[in-house]
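Notes for the one structure printed next.
The values are calculated or read from the model by the stated rules, or taken from the named source; none is laboratory data. What you see is a predicted model, and the numbers here were worked out from it, not measured in a lab. Cβ sites come from the backbone with ideal geometry, for glycine too, and all protein chains shown count toward neighbours. Side chains are part of the model used for accessible areas, which takes the heavy atoms of the whole protein and leaves out ligands, DNA and RNA. Shrake-Rupley method; radii C 1.70, N 1.55, O 1.52, S 1.80 Å.
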Amino acid sequence: MNNMAKIYCADHEPRTNEAAPSVAVESVSAEKRLGLFEERPLPVDEIPPRVLRYRTRRDFLFFGAGALAALAGGGFLLPQDTLRRMGVRRSVDSPAKEWFLNRALRIDDDVAEALYSGNRRVPTYTKSQITPLNNNYNGATPDPGYISGWNLTIDGLDSGLSVSLDIRNLMTRFSVQDQITRLVCVEGWSAIAWWAGFRFDDLLRAYPPMSQAKWACVESSVNLDESGNPDPYSVSIDLATARHPQTLLAMHFNGQPLAVDHGAPLRLLVPVKLGLKNVKAITKITYVAEEPRDYWAERGYSRYDGI
């Protein structure tokens, strides 16, 4: 065997027909030191066959029980028409089903609220990234005739008084901030838009709520249903979210005063919430101690709607 072959096979037994001379050698440890980031070999954990068979049967039974529970729970939540098509004759429409769904939704809201941080900001964008924003009014778009007599009423103040402000009061009293953020709709679409207005936190500082207040009920009395009939719209906003630095009471959209389509003359913009919380054409804000009524929560949707 040539020298090159011997070098290549250095980690193996020599493959040569020559008789190897008897040489006394010391026993040398060939253990290779591992670097700090190198993968360590997994430890060997030997399990007796009888124990392994027992564990396998137990795991299989637990998995089967979990699968059956999931199927039972899923069947409990399926619509009655679906169950009927599957051949299930027993009615499972009951107050218990409604309670279960509402409870699950409430837990989800509580977790989202617990994870809220006033220091976390949503991403901002440049004007070149602006995308079209559809008129997504709930129901019919109001007739613009309401704008000439529009006022913002604020109740639940620490002073015990009720305040009424018109758009000129608001524009002269507060400094205007602008931001380009994404509006996310519960229906699955989103859009990037340029908004300008004053911070909700500035309004809270100028007109402090009563000391026990934890929520704001933000309403639009000019909202209409799909048939054009009055359908007052209100949402609940926790005051921690109202004080978020990106929560605005917007008066401008993409560099222009708000049009009726987008909630003239004043709308709520909460980028850390889904679009259904972003009330258009606000007419009243009331500070309260307990969670107030919410248009969509009363119709089975989440109350917190954080993103």
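Here are a few things to note about the model shown:
- Gyration tensor verdict on the range 154-307 (Cα atoms; rounded if a/c is under 1.5, prolate if a/b is larger than b/c, oblate otherwise): rounded
- Residue separation of ASN229 and ASP143 scaled by 0.36 nm, minus their Cα-Cα distance, works out to 29.8 nm of gained length.
- Per residue accessible area of the range 130-281, 1.4 Å probe, in Å²: 42 Å²
- Those GluC sites (Glu not before Pro) in the range 216-296 that DSSP places in a loop and that have at most 15 other beta carbons within 10 Å: GLU226, GLU290
- ASP166-SER117 FRET efficiency (beta carbon distance; Förster radius 51 Å; 0.05 resolution): 0.90
- Spin-label pair ASP158-ILE130: with each label point 7 Å from Cα along the Cα-Cβ axis, the two points sit 3.8 nm from one another.
- When the solvent-accessible area of the range 151-239 is split by element, carbon and sulfur atoms take up 46 percent of it, the probe being 1.4 Å.
- Tensor-based shape of the range 118-235 (alpha-carbon gyration tensor, a/c under 1.5 rounded, otherwise prolate or oblate): oblate
- For VAL176, neighbours were defined as the other residues whose beta-carbon sits under 15 Å from its Cβ, and their charges (Lys and Arg +1, Asp and Glu -1) total +1.
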